[in-house]
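Below: one structure, written as structure tokens.
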Amino acid sequence: MELITETKRDGQKREHDHPAIGLPVAQDEEGISMVIKNVCCIGAGYVGGSSCSVLAWKCPDIHVHVVDVSHDTIKQWNSHNLPIYEPGLDEVVKECRGCNLFFSNDIDRAVREADMIFISVNTPTKTYGIGKGKAADLQYVEVCARKIAEVANGPKIVVEKSTVPIQAAQFITHILAANTKPGVSFQVLSNPEFLAEGTAIENLVNPDRVLIGGEESSGGESAMEELTWIYHHWIPQHNIITLSTWSSQLTKLASNAFLAQRVSSINAISAVCEAIGADVSQVADAVGRDSRIGSKFLHASVGFGGSCFEKDLLSLVYIAESLNLPEVARYWQHVNDINHYQRTRFGQRITASLFNTVTDKALAVFGFAFKKNTGDTRESPARCICSQLLEEGARINIYDPKVERQQIMNDLTSTKATSEPERIQKLIHIYTDPYQAVIDTHAIVILTEWDEFKSYDYKKMLSVMKKPAFLFDGRKIIDHEAVIKLGFNTHTIGKKFTPNTL
Ligand SMILES: NC(=O)c1ccc[n+]([C@@H]2O[C@H](COP(=O)([O-])OP(=O)(O)OC[C@H]3O[C@@H](n4cnc5c(N)ncnc54)[C@H](O)[C@@H]3O)[C@@H](O)[C@H]2O)c1
Ligand SMILES: O=c1ccn([C@@H]2O[C@H](COP(=O)(O)OP(=O)(O)O[C@H]3O[C@H](CO)[C@@H](O)[C@H](O)[C@H]3O)[C@@H](O)[C@H]2O)c(=O)[nH]1
């Protein structure tokens, strides 16, 4: 394995390739000795990688070992090119890696050495069998529970960080309890993660709240105290909420459902605005000034994306259906349905505005990630809208500052996206320069809210485009008056189109 040399917080240059052991006993503020904290995290994805990097950074007295089944992912965590893009993450990893933060594939060793084990593996929507298309797939969580049961050699606190349906902690507890050996005991806690991609480091350093759910027993309470002690290194007590396991798990799903519901609510209003001639930005601003409502998550858009909102909404729908609460299930299902409606509506508006056909027309697409400041394309509205346009025969020139070319190609030509991958592939061109991407196109379509899109020279772009030139702002980030003055026919969410007569 390649050795990395990095300058650490003590100013020393160090090389490393494997986890160190034998860190000193930790002490809290009063100088009371706490148990040695060897923390292990199973799953080196967005959540495991970022949250444990911050944990190592804020707790130099804790040894943090992040493990994963994927060799490629771990190789990247141990390189200068991390597997995920998050503002600020590189700096945190650089400072701690090789000191008290380690990444490896040695899951057995990490579990054995840890006194606290975070489970941060993926919990996608099931694509098969019972609950297909709605229920969370817990197979990876179960594999972790069984692995911990198999190799644990002493008392362990198991912390479920993945987003899971209620009752998941019970099934983890059941698997662990059925496999206890002499000298081995387990406590299971729920500690859902609330970071948002693109702002993960900021959210982890200054969280609105941290939830710690556990059992009402002396073992459960002392495990909760241990985890509270870790978070106390940087988070004030009033932001740490202890609650029951079920409340903790349900709060995570409810929080995402509430946020998604706000986006769908304003998007539903945006359709009304377009029909009657009101402006959704004005409505959102005025509605959000009511302090009981607040202004966040009221930005109308092409719809929400990302790996969590849809998945967690569907999981909530499935739970409600399983509990025989069909009205509740329908309510949350509709939040997701409005999201699909919003994406489709925008794609249809593009085709309708371009004289009812986009066949063989070149369109420049700005943005493919599901939101700005991330390279993540999971459930990105751009995937859905591009697929819609490709189905209509449009040629699309895509530019995104962070998404890799291969990722875009995979997303648009996978069997999930199309039944004709070869035809579709020929219609897609990926650009690294937005000014090249617009040459000879009929329209610019903005699908991610990257800040750099606001400051482009649209006059220069217009000069190399076909006329009449169109601009579809699916994120409402451009100065529309300015681009209309330049000569663009400008369409945006939540506002009626006025033909450009200039
Ligand atoms: N991405 C987010 O912004 C976010 C935020 C909050 C909560 N969550 C939740 O956190 C969980 C993880 O999400 P993510 O985005 O980090 O997922 P991810 O897909 O980025 O990472 C999951 C990692 O777990 C690894 N893994 C799977 N099974 C494993 C096993 N048995 N042993 C070792 N490694 C294994 C995978 O290889 C992968 O690297 C999910 O439940 C998600 O809903 C995600
Ligand atoms: O006013 C808004 C706000 C967001 N969005 C879109 O909604 C999606 C989700 O955005 P955001 O919530 O910022 O990003 P995520 O990384 O998906 O984070 C959500 O999902 C995570 C995973 O569960 C949670 O941890 C976070 O708290 C929760 O915000 C993105 O496509 C945004 O563009 C809008 O369209 N309008």
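The values are calculated or read from the model by the stated rules, or taken from the named source; none is laboratory data. In this text the structure is predicted, and so the values were computed from the model without any measurement. Counting neighbours? That spans all protein chains shown, and the Cβs are built from the backbone with ideal geometry, glycine included. We work out accessible area using only protein heavy atoms, side chains counted, and drop any ligands, DNA or RNA first. Shrake-Rupley method; radii C 1.70, N 1.55, O 1.52, S 1.80 Å.
Summary table below
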{"quantity": "All positions within the range 377-408 that are open to solvent by 10 Å² or more (accessible area, probe 1.4 Å), within 16 Å of ligand 1 (Cβ to nearest atom) and touching a residue at least 40 places away in the same chain (Cβ under 8 Å)", "calculated": "Arg378, Glu379, Lys402"}
{"quantity": "The range 323-352 - residue that is loosely packed, with under 15 Cβ neighbours inside 10 Å and farther than 30 Å from Leu471 by Cα and, of those, nearest to the chain's Cα centre (by Cα)", "calculated": "Arg330"}
{"quantity": "Inter-residue pairs, beta-carbon under 6 Å, first in contact (Cβ under 8 Å) with a residue 12 or more places away in the chain and in the range 191-214, second among the aromatic types (Phe, Trp, Tyr), 6+ apart", "calculated": "Val210/Tyr231"}
{"quantity": "Test: residue in the range 263-279 that is in contact with a Leu (Cβ under 8 Å, 6 or more places away or on another chain), at pLDDT 95 or above and surrounded by fewer than 16 Cβ atoms within 10 Å (Cβ to Cβ)", "calculated": "no"}
{"quantity": "Count of the range 141-172 residues which are farther than 25 Å from Ala257 by Cα, away from ligand 1 (no atom under 15 Å from the Cβ) and open to solvent by 50 Å² or more (accessible area, probe 1.4 Å)", "calculated": "2"}
{"quantity": "Residue identified as hydrophobic (A, V, I, L, M, F, W, C), open to solvent by less than 10 Å² (accessible area, probe 1.4 Å) and without any contact (Cβ under 8 Å) to a residue 60 or more places away in the chain among Leu412, Leu427", "calculated": "Leu412"}
{"quantity": "Selected residue [touching a residue at least 12 places away in the same chain (Cβ under 8 Å), open to solvent by 30 Å² or more (accessible area, probe 1.4 Å), within 16 Å of ligand 2 (Cβ to nearest atom) and outside any helix (DSSP H, G or I)] from Pro87, Pro83", "calculated": "Pro87"}
{"quantity": "Residue within the range 379-386 that is aliphatic (A, V, I, L, M) and away from ligand 2 (no atom under 16 Å from the Cβ) present", "calculated": "no"}
{"quantity": "Number of positions in the range 120-138 that are open to solvent by 80 Å² or more (accessible area, probe 1.4 Å) and either within 15 Å of ligand 1 (Cβ to nearest atom) or in contact with an Asp or Glu (Cβ under 6 Å, 6 or more places away or on another chain) (or both)", "calculated": "2"}
{"quantity": "Failed criterion for Gly220 (all others in (1) within 16 Å of ligand 2 (Cβ to nearest atom); (2) open to solvent by less than 40 Å² (accessible area, probe 1.4 Å); (3) free of Cβ contacts under 8 Å to residues at least 40 places away in the same chain hold)", "calculated": "(1)"}
{"quantity": "Residue that is within 16 Å of ligand 1 (Cβ to nearest atom), open to solvent by less than 50 Å² (accessible area, probe 1.4 Å), assigned to a helix (DSSP H, G or I) and not charged (D, E, K, R), where the choices are Leu227, Leu204", "calculated": "Leu204"}
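Rundown of residues vs (1) in contact (Cβ under 8 Å) with a residue 60 or more places away in the chain; (2) of a type in the set (S, T, N, Q), yes/no style:
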position	(1), (2)
Ser463	no, yes
Leu471	no, no
Arg475	yes, no
Ala482	no, no
Gly487	no, no
Asn500	no, yes
